[in-house]
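As structure tokens, the structure follows; a few thoughts come after it.
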Amino acid sequence: MFVDAQADYQVRVPSPHTNTSGISWATGITAGRTVALRDFFVATPSDSVHTINNQLAGGRNLLLTPGIYDVAKSISVKRADTVVLGLGQATLTAVDGAIPLTVADVPGVIVAGVTIDAGLVESPVLLQVGKKNGNSSPKKNDPSNPTTLSDVYFRVGGPHVGKADIALEVNRDNVLIDHTWVWRADHGVEGLSDTERWNTNTGRHGLVVNGDNVTATGLFVEHFQEYNTVWNGENGRTILYQNELPYDPPTQADWMHDGVEGWAGYEVANQSGDPPTRRRRCLRFQPEQPDDPYREWLRGPGDPGGAPAPRHDRQPQCRHDRPRGQRGRWPGGCQPDRFSRVRRRLPVISPAVDKRGTRHRCRTTRTPRARTCSVRRPRGRGAGLARG
């Protein structure tokens, strides 16, 4: 949003681009369209969903001013090229199991700057883009005019108890997910223990993609109780995926399926080709126990057991297994450097033991190390693994 030379408020809507990098305004204003504020319905939390839907149906865009909107019936976006813009992270909270926001099978819809919260009664989904088995005709699915979700965030629990089966469900083709954080609460103000939270703040999946040609850039999905991300569509792409598996399963039996301990952070359905994923990272807490309940990280077609995490995605067990920005002696924490501004302390892990029962020790730091550590270098500031 900006003020033009005539002192009128305007909203700039960038146009979609492919195969680009870097800033878009280096040589002038970002390509796109300008929408006058008078073409928006400026909503406040006191406005009813009925009023908002009537304004949307009448051809207005929607500007959500800061506040918490209790939504007992879906806000429905049914017109192509509609803009839904939130200011100050306007928050839509589900009431009585409602779906707070739905987007119809139309092209060019923009949803930006909105937080969506689960409510006390379980919602089937918090944001649904397109209907299952909806209209996939070329008129309704224009690859050059995708539906876009920018800076849209989801919470299941945290400020209050929340329940949702799925946070974000994408059924349409040609959707761009541009930076979203999908979070099931692992902490909050509810005053719950981990066991109580596991049974109270319930969420099965964070993101489910059923549409084709869906691209996600900056996708963060955390702590859901089954697969965090399920990708069923074809020709998808994820650029930068960050995931944290849940910390609060009461027992291993509460978090396993089909004889597999745990659920993958990123599931690619068997009927789908593996979508290219750049910079995947799955973070997990390693409790002190001999077996590894977080064994499965990424599952792909024909991989019933799941693929183990890459070396840099496992919980580090000595300095050489840590990213470059986490130097320091195990297990005492890390000294600040250009990547780390605060002193951190990592959880203690049972030391690695060889077949004779002798503890392995890192040759550089003289501290217990993992069996996988094969670094042999002189004493000094080792570089470890490169970040990323």
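The values are calculated or read from the model by the stated rules, or taken from the named source; none is laboratory data. Keep in mind that what you see is a predicted model, and the values were worked out from it rather than measured. Every residue, glycine among them, receives a Cβ derived from its backbone with ideal geometry; neighbour counts consider all protein chains shown.
Okay, here's what the table says:
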quantity: Residue that is at pLDDT below 95 and not hydrophobic (A, V, I, L, M, F, W, C), where the choices are ASN19, ASN61; calculated: ASN19
quantity: Residue within region 121-133 that is in contact with a Phe, Trp or Tyr (Cβ under 9 Å, 6 or more places away or on another chain), closer than 30 Å to LEU192 by Cα, crowded, with 22+ Cβ neighbours inside 10 Å and not small (Gly, Ala, Ser) present; calculated: yes
quantity: Residue in region 185-204 that is aliphatic (A, V, I, L, M) and within 25 Å of PRO107 (Cα to Cα) present; calculated: no
quantity: Breaking point among (1) basic (Lys, Arg); (2) more than 23 Å from HIS160 (Cβ to Cβ); (3) touching a helix residue (DSSP H, G or I) at 6+ places or on another chain (Cβ under 6 Å), for LYS73; calculated: (2)
quantity: Output for region 171-187, where each listed residue is in contact (Cβ under 8 Å) with a residue 60 or more places away in the chain and assigned to a strand (DSSP E or B); calculated: LEU176, ARG184
quantity: Matching residues in region 7-31 - criterion: being at positive phi and within 30 Å of the chain's Cα centre (by Cα); calculated: ASN19, GLY22
quantity: Any hit, region 7-23, residues being in contact (Cβ under 8 Å) with a residue 40 or more places away in the chain, surrounded by 14 or more Cβ atoms within 10 Å (Cβ to Cβ) and in a strand (DSSP E or B); calculated: yes
quantity: Subset of region 213-261 [in a helix (DSSP H, G or I) and in contact (Cβ under 8 Å) with a residue 24 or more places away in the chain]; calculated: GLN252, ASP254
quantity: Matching residues in region 40-77 - criterion: being more than 17 Å from VAL114 (Cβ to Cβ) and free of Cβ contacts under 8 Å to residues at least 24 places away in the same chain; calculated: SER46, SER48, HIS50, THR51, ASN54, ALA57, GLY58, GLY59
quantity: Criterion: crowded, with 22+ Cβ neighbours inside 10 Å and not in a loop (DSSP other than H, G, I, E, B) - qualifying residue of LEU92, LEU87, LEU56; calculated: LEU92
quantity: Residue in region 181-191 that is at pLDDT 95 or above and of a type in the set (Lys, Arg) present; calculated: yes
quantity: Yes/no for THR51 being farther than 24 Å from THR91 by Cβ and either assigned to a loop (DSSP other than H, G, I, E, B) or out of contact with any His (no Cβ under 9 Å at 6 or more places or on another chain) (or both); calculated: no
quantity: Near pairs, Cβ below 8 angstrom, 6+ apart or cross-chain, from region 100-117 (at pLDDT 95 or above) to any residue that is among the basic types (Lys, Arg) and in a strand (DSSP E or B); calculated: THR115/ARG155; ILE116/ARG155; ASP117/ARG155
quantity: Selection status of GLY206, surrounded by fewer than 24 Cβ atoms within 10 Å (Cβ to Cβ) and not acidic (Asp, Glu); calculated: no
